[in-house]
Amino acid sequence: MSVLPSFDLVGYGGLLRDLVSSGFNFRPIVDIGSCEAGDVFLRHDVDFSLELSLALAQVEFELGVSSCYYVLLSGPYNPCSASSINAMMRLRAMGHAIGLHYDLSLYPDQSVLARQRLDAEIRFLQEISDGEVKTIVMHEPSRGQEDFFLDAAPYINPTHFQKTHHDLLYVSDSCRAWRDLSLLEFLDGRSEKSCLMLNVHPESWLAERPQHRLTYLERTLLPKVLEPTQRYFMESVRHSWQTHIGPVHGYGDSDA
């Protein structure tokens, strides 16, 4: 690979194929504590939609690659909705893991109480995703909050190993942008690091044509994120209102 991948599913598939053909070894994120030269660990922070994560997950599945999808219980999507639960079932069926994406800005300040909140969120996520949750990562660490859970046994926090394993390269596509050329250097064998943790946000790879990232945000991603809510209103709510038998109309209830 001579250039960084384009932010679309073709580009993502090409990146994975290059990693596979170059002999890199994809391992589950739970094994990150024992990373060895040539290992690649895939993770996905799901910030906007579980449903929109499925396209990326399918690309991985078709290439025989598994990863971990980190679910944000306090984000803009409802993890308990039918579409979100169905998405988590499909992710697990494809061999992917589910992890917790915890938001410390909504946690108690005291570490003991914060740990109680973390344990409660993990139990809840395990219930709605119908499976174990073994790994955790913090939402928006760039805010600079102290992370109580870098070492929160028995849960595995890959960020802890990012900070302590000097041979582990961390690359993220946050805000649909590459910070530098370190991913290319790793692929070409020019990196000082010998193993890779790649954090890919699924919502960033859904473009059908080249777009500036702000144009993509407003014209492609926003409509996709809002679509399930609009579909719910037009299919479920509208039908209920249309078929309701109540004879009394409210004040000003007129199309005139």
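The values are calculated or read from the model by the stated rules, or taken from the named source; none is laboratory data. No experiment lies behind these values; they were computed from the predicted model shown. Every residue, glycine as well, gets a Cβ built from its backbone with ideal geometry; the counts of neighbours run over all protein chains shown.
Could you go through segment 26-46 and let me know if any residue there is closer than 17 Å to D167 by Cβ and in contact with an Asp or Glu (Cβ under 6 Å, 6 or more places away or on another chain).
yes
Within segment 194-226, which residues are part of a helix (DSSP H, G or I) and out of contact with any Asp or Glu (no Cβ under 9 Å at 6 or more places or on another chain)?
Correct list: R213, L214, T215, Y216, L217, E218, R219, L222, P223, L226.
Is it true that L184 is within 24 Å of S84 (Cα to Cα) and among the aliphatic types (A, V, I, L, M)?
Against the criterion (within 24 Å of S84 (Cα to Cα) and among the aliphatic types (A, V, I, L, M)), L184 does not qualify.
Quick one: in segment 13-29, which of the residues that are among the small types (G, A, S) and out of contact with any helix residue (DSSP H, G or I) (no Cβ under 7 Å at 6 or more places or on another chain) is surrounded by the fewest Cβ atoms within 10 Å (Cβ to Cβ)?
Only one residue fits best here, namely G23.
When you look at V3, is it under 20 Å from P210 (Cβ atoms) and not polar (S, T, N, Q), yes or no? Break it down stepwise before answering.
Working: under 20 Å from P210 (Cβ atoms): yes; not polar (S, T, N, Q): yes.
Yes, satisfied.
For the subset of segment 75-90 comprising residues that are assigned to a helix (DSSP H, G or I) and touching a helix residue (DSSP H, G or I) at 6+ places or on another chain (Cβ under 9 Å), which member is surrounded by the most Cβ atoms within 10 Å (Cβ to Cβ)?
A87
Of everything in segment 30-50, what is surrounded by fewer than 22 Cβ atoms within 10 Å (Cβ to Cβ), touching a Phe, Trp or Tyr at 6+ places or on another chain (Cβ under 8 Å) and in a helix (DSSP H, G or I)? Give them in sequence order.
Scanning segment 30-50 gives D31, G33.
From the list L72, L125, exactly one residue is surrounded by 14 or more Cβ atoms within 10 Å (Cβ to Cβ), under 30 Å from G14 (Cα atoms) and at pLDDT 95 or above. Which is it?
L72
Hey, does segment 110-129 have a residue that's assigned to a loop (DSSP other than H, G, I, E, B) and within 27 Å of R90 (Cβ to Cβ)?
no
Report every pair of residues separated by at least 6 positions or lying on different chains whose Cβ atoms are under 6 Å apart, first residue within segment 48-61 and in contact (Cβ under 8 Å) with a residue 24 or more places away in the chain, second outside any helix (DSSP H, G or I) and crowded, with 20+ Cβ neighbours inside 10 Å.
Going by the 6 Å Cβ cut-off, the qualifying pairs are S49/Y77; S53/V46; S53/Y69; A57/H96; E60/S67.
Looking at segment 201-220, which of the residues that are of a type in the set (A, V, I, L, M, F, W, C) and out of contact with any Phe, Trp or Tyr (no Cβ under 7 Å at 6 or more places or on another chain) is surrounded by the fewest Cβ atoms within 10 Å (Cβ to Cβ)?
Among residues in segment 201-220 that are of a type in the set (A, V, I, L, M, F, W, C) and out of contact with any Phe, Trp or Tyr (no Cβ under 7 Å at 6 or more places or on another chain), the one surrounded by the fewest Cβ atoms within 10 Å (Cβ to Cβ) is L214.
If you check every pair at least six apart or on different chains, which have Cβ atoms under 6 Å apart with a residue in segment 139-168 that is more than 12 Å from D103 (Cβ to Cβ) first and a residue that is among the hydroxyl-bearing types (S, T, Y) and surrounded by 11 or more Cβ atoms within 10 Å (Cβ to Cβ) second?
Cβ pairs passing all conditions: F148/S111; I156/T135; Q162/Y170; D167/S194.
Just checking, which of L169, L183, L150 is modelled with pLDDT of 90 or more, part of a strand (DSSP E or B) and not hydroxyl-bearing (S, T, Y)?
None of the others qualify; the one that does is L169.
What are the pairs with Cβ atoms under 7 angstrom where one residue, in segment 83-97, is over 16 Å from Q126 (Cβ atoms) and charged (D, E, K, R) and the other, located anywhere, is modelled with pLDDT of 95 or more and in a helix (DSSP H, G or I)? Sequence gap at least six, or different chains.
Final answer for the pair search is R90/L54.
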